[in-house]
Amino acid sequence: MATFLCKVGRFAFRRRGLVSLLWLAVLVGVGFAAATAPPPPADTFSMPGTESQKAFDLLEEKFPTMSVDGATARVVVRAPAGAKLSDPAERAKVETLVGALSKAPGVVSASDPFKADALSQDGTTAYAVATYEVSALKVSDEAHKGLDKVLEDARTTGLVVEAGGDAVKVEGAPGGGAEGIGILVSAVVLVLTFGSMIAAGMPLLTAITGVAIGGAAITALGSTLGLSSTTSTLALMIGLAVGIDYALFIVSRYRSELAEGRERRDAVGRAVGTAGSAVVFAGLTVIVALAGLGVVNIPMLTKMGLAAAGTVAVSVLIAITLVPALLGFAPIKVMPRRERRKYYGKPLTRRQQSKADKRAARQKPNLGTRWAAFVVRRPLAVLLLGVVGLGVVAVPAASLQLGLPGEGTMAADTTQRKAYDLMSESFGAGFNGPLMVTVQARDAAATAADVGKELGKVEGVAAVTAATPNDKGDTAVLTLIPETGPAELATEELVGRIRGIADGLGADHGAEILVTGQTALFIDFSRTLDDAMLPYLGLVVGLAFLLLVLVFRSLLVPLKAALGFLLSVGAALGAVVAVFQWGWLADVFGVDQPGPIMSTLPIFMIGVVFGLAMDYEVFLVTRMREAYVDGARPGEAVVTGFRYGGRVVGAAAIIMVSVFSGFIMEANVFVRMVGFSLAIAVLFDAFIVRMALVPALFALLGRSAWWLPRWLDRLLPNMDVEGEKLGGASATPLLPTQQRGEREARIQG
């Protein structure tokens, strides 16, 4: 592996113009294909195998004109203070509102609250339901604007008008500010790390190029493979993250090789052969984590995972080809300005030499070296402190409640939250999340009537509406109103009880009874993700374990890498539960209403953080293994690994924490939750697990950390990730041998 990649790096460096033009051609070609491709399909959501999905499919078949999957907007109207909606003047205003709502773009029908018994007992509040011809994910901007205009016109008459439902546009979606802040912080960190604008710009340029190619490819293949516009969301996030990391490690290794006195082409070859090998295997672990989302069996998540995996593959190819090509254009300018003169072969002036000698005299071991030496001296204390600390933070994760936070957890100033509160005050919280019960039988109307009577007696049911049969009379629909809100645990338990009772009633009446609706769909979605959590973890961690065994030729190193990841993820979930579910520090993070944790969060966090965690593990530990293979003692190998890789891994982690933290400032609570979880998880994993627990374990295990049974050692192929076979590569030093150590200390310092 190292020998092959070394040749690739040298070729890209030597033929830098050709390689750069090829990538430019790929970018232009994919961009042209994306620009000329048919529009991508609209977002769709389905969960094969769940009761909710089965019921929706049945309703689509039996009620073709019903638009059962159509989006809905629930418009809540309250009369001015001291008035009632039954007053003639106020009633006329409501009727005008309903008329305008029924004519709004995309609306199929709008219910009249006075005819649909949707007026509160005190007569002050009513609601009208507008049904759209398309699902929520397909509602157009024109339809959103039309609904907004209807609401604004009604408010001018003095009515209090708010709207909820999946047809209402969610305000506060990410608008690009977070990504911009993240890139800006990344640039600053890279400049401070490298001391060179050129070196700082390369990771950003190559990462953006990889993301652009990946995003354009997703758009170009959208209509062919059914990839919607939101499929690229995860691809852009993880592609930018790993793209910066991979280029950062290769550029850093090139500078290190150049500082040792190697000729430029050999320095590039060794950088790609060693750091590039780590990039390939780190990329493979990320691809495994993302492609593994297919085990969840939710088509939307599967497509997002595969699209992101493809983008990571592009980032890996760019790192091992385009990065060395760009280094060929500026082989010396990637070094700090004060160091470049010697690389150009120009002798230092007497004054410059004097300053260099003074700097060398003051030079101390870099921070990574000092930290590693401290951990090696006190490994047990560091290990216990880190494990106990993360364990304490992880305690709240035992109370993790998954769900899809609804309108009741949105910001208090959003129209959805205001509509939710108005409905809860006047009708009860359950009216915000009604359930649909489908009854399929020979005489569906009569059977549904009996079923409705029985379900109305169930504890937790507020009301059951009359059954609505289809034209053939073989299927009927009931609407069931819970007493509790859609995001409450009691509602989830109620759905389970109703389904159990429905099975018995179905057997008694010879009917098939199914429970669906948006609330039931969300509950099934959460359960599906919850059930898939352990299989997903087993697949991802298991395959990554095998890859890391190949990389490090050890059993204990991959084992501790996996256990460390689980510890950091547990602590991150604990922090998320404490802030967003329990409400700790809610004011600091802008949490208006604590509630259940978004169901998709643990899966996404595992996929993204696992990839980044394995990146840091591979890049840090490969330098330790290189030193160990070269004859260093275990403790010395740890210090050597941190001397060369600690600063770079720390910079990469700071960049990722900054990128993800930018999303905490977004107005959307879901986006804030994702940003916080990813930022805190990377923080825990990089700085506590990889930078503290890993060296402490190496110090305690000693040589046994690299133990591998002889039979397995003979069986496994030697991937040579540490570049042992490159030891004899020719190097033409530009500097005298006695200057190499001094230069290396200055560069790494």
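Results for (1) hydroxyl-bearing (Ser, Thr, Tyr); (2) free of Cβ contacts under 8 Å to residues at least 40 places away in the same chain, shown as yes or no for each residue.
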site	(1), (2)
Val649	no, no
Phe663	no, no
Ser677	yes, no
Leu683	no, yes
Single residue of segment 682-706 satisfying the filter (aromatic (Phe, Trp, Tyr) and either crowded, with 24+ Cβ neighbours inside 10 Å or not assigned by TED's automatic domain parsing to the domain that holds Gly650 (or both)) that is modelled with the lowest pLDDT
Phe698
Going residue by residue through segment 305-312, is there one that turns out to be assigned to a loop (DSSP other than H, G, I, E, B) and under 18 Å from the mean Cα position of the chain (by Cα)?
no
Of (1) buried (at least 24 other Cβ atoms within 10 Å of the Cβ); (2) over 30 Å from Leu137 (Cα atoms), Glu260 satisfies every one except (1)
Could you list all residues from segment 92-117 that are under 21 Å from Thr157 (Cβ atoms) and in contact with a Phe, Trp or Tyr (Cβ under 7 Å, 6 or more places away or on another chain)?
Val107, Pro113
Select from segment 18-40 the residues that are in contact (Cβ under 8 Å) with a residue 40 or more places away in the chain and part of a helix (DSSP H, G or I) and list them in ascending order.
Val19, Ser20, Trp23, Val26, Leu27, Val30, Gly31, Ala33, Ala34
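A quick yes/no check of all residues on (1) polar (S, T, N, Q); (2) at pLDDT below 85; (3) over 30 Å from Gln581 (Cα atoms); (4) surrounded by fewer than 22 Cβ atoms within 10 Å (Cβ to Cβ):
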site: Val618; (1), (2), (3), (4): no, yes, yes, no
site: Val621; (1), (2), (3), (4): no, no, yes, no
site: Val629; (1), (2), (3), (4): no, yes, yes, yes
site: Ala637; (1), (2), (3), (4): no, no, yes, no
site: Phe660; (1), (2), (3), (4): no, yes, no, no
site: Ile664; (1), (2), (3), (4): no, yes, no, yes
Just to be sure I understand, how many residues within segment 547-585 are assigned to a helix (DSSP H, G or I), among the polar types (S, T, N, Q) and more than 21 Å from Phe687 (Cβ to Cβ)?
1
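Name the helices (runs of 4 or more DSSP H) wholly inside segment 595-702 in which the number of residues that are over 16 Å from the mean Cα position of the chain (by Cα) is 1 or more.
Values: elements: 600-629, 634-661, 669-683, 694-701.
In segment 595-702, the matching helices (runs of 4 or more DSSP H) lie at 600-629, 634-661, 694-701.
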For the subset of segment 52-103 comprising residues that are among the β-branched types (Val, Ile, Thr) and in a loop (DSSP other than H, G, I, E, B), which member is surrounded by the fewest Cβ atoms within 10 Å (Cβ to Cβ)?
Thr65
Residues being outside any loop (DSSP other than H, G, I, E, B) and touching a residue at least 12 places away in the same chain (Cβ under 8 Å): count how many of those fall in segment 482-499.
11
Taking segment 133-147 and the residues there that are modelled with pLDDT of 90 or more and under 31 Å from the mean Cα position of the chain (by Cα), the one that is farthest from Lys93 (Cα to Cα) would be Glu142
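With farther than 19 Å from Gln121 by Cβ, in contact with a helix residue (DSSP H, G or I) (Cβ under 9 Å, 6 or more places away or on another chain) and either modelled with pLDDT under 90 or not hydrophobic (A, V, I, L, M, F, W, C) (or both) as the only criterion, which of Glu493, Glu454 stands out?
Details: Glu493 fails: in contact with a helix residue (DSSP H, G or I) (Cβ under 9 Å, 6 or more places away or on another chain).
Result: Glu454 is the single residue among Glu493, Glu454 that is farther than 19 Å from Gln121 by Cβ, in contact with a helix residue (DSSP H, G or I) (Cβ under 9 Å, 6 or more places away or on another chain) and either modelled with pLDDT under 90 or not hydrophobic (A, V, I, L, M, F, W, C) (or both).
Looking at Thr447, Thr479, which one is touching a residue at least 24 places away in the same chain (Cβ under 8 Å) and either closer than 21 Å to Phe525 by Cα or under 34 Å from the mean Cα position of the chain (by Cα) (or both)?
Checking each option against the conditions leaves just Thr479.
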For Arg253: the one exception among (1) surrounded by 24 or more Cβ atoms within 10 Å (Cβ to Cβ); (2) modelled with pLDDT of 85 or more; (3) farther than 23 Å from Leu192 by Cβ
(3)
So, in segment 1-17, of the ones that are in a helix (DSSP H, G or I) and of a type in the set (A, V, I, L, M, F, W, C), which residue ends up surrounded by the fewest Cβ atoms within 10 Å (Cβ to Cβ)?
Phe4
Is there a residue being crowded, with 18+ Cβ neighbours inside 10 Å, touching a helix residue (DSSP H, G or I) at 6+ places or on another chain (Cβ under 6 Å) and charged (D, E, K, R) anywhere in segment 104-114?
no
Which one of these does Gly239 not meet: (1) in contact with a Ser or Thr (Cβ under 6 Å, 6 or more places away or on another chain); (2) not in a helix (DSSP H, G or I)?
(2)
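Right, Gly31: assigned by TED's automatic domain parsing to the domain that holds Gly294 and surrounded by fewer than 19 Cβ atoms within 10 Å (Cβ to Cβ) or not? Let's see the steps before the verdict.
On the way: assigned by TED's automatic domain parsing to the domain that holds Gly294: yes; surrounded by fewer than 19 Cβ atoms within 10 Å (Cβ to Cβ): yes.
For Gly31, the condition - assigned by TED's automatic domain parsing to the domain that holds Gly294 and surrounded by fewer than 19 Cβ atoms within 10 Å (Cβ to Cβ) - is met.
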Picking from Ala487, Ala462, which residue would you name as being crowded, with 23+ Cβ neighbours inside 10 Å and under 43 Å from the mean Cα position of the chain (by Cα)?
Ala487
Filter pass, Ala79 being under 27 Å from Thr468 (Cα atoms) and not charged (D, E, K, R)
no
Among the listed residues Ala532, Ala507, Ala502, Ala544, which satisfies the condition of being touching a Phe, Trp or Tyr at 6+ places or on another chain (Cβ under 8 Å) and either in a helix (DSSP H, G or I) or of a type in the set (Val, Ile, Thr) (or both)?
Ala544
Return the pair list, or none, for Cβ contacts closer than 6 Å from residues in segment 454-476 that are under 16 Å from Ile501 (Cα atoms) and free of Cβ contacts under 8 Å to residues at least 60 places away in the same chain to residues that are in a loop (DSSP other than H, G, I, E, B) and not aromatic (Phe, Trp, Tyr), at least 6 apart or on different chains.
Gly460/Glu483
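The values are calculated or read from the model by the stated rules, or taken from the named source; none is laboratory data. Please read all numbers here as calculations on a predicted model, not as lab measurements. Reconstructed Cβ throughout: ideal geometry from the backbone, glycine too, with neighbour counts over all protein chains shown.
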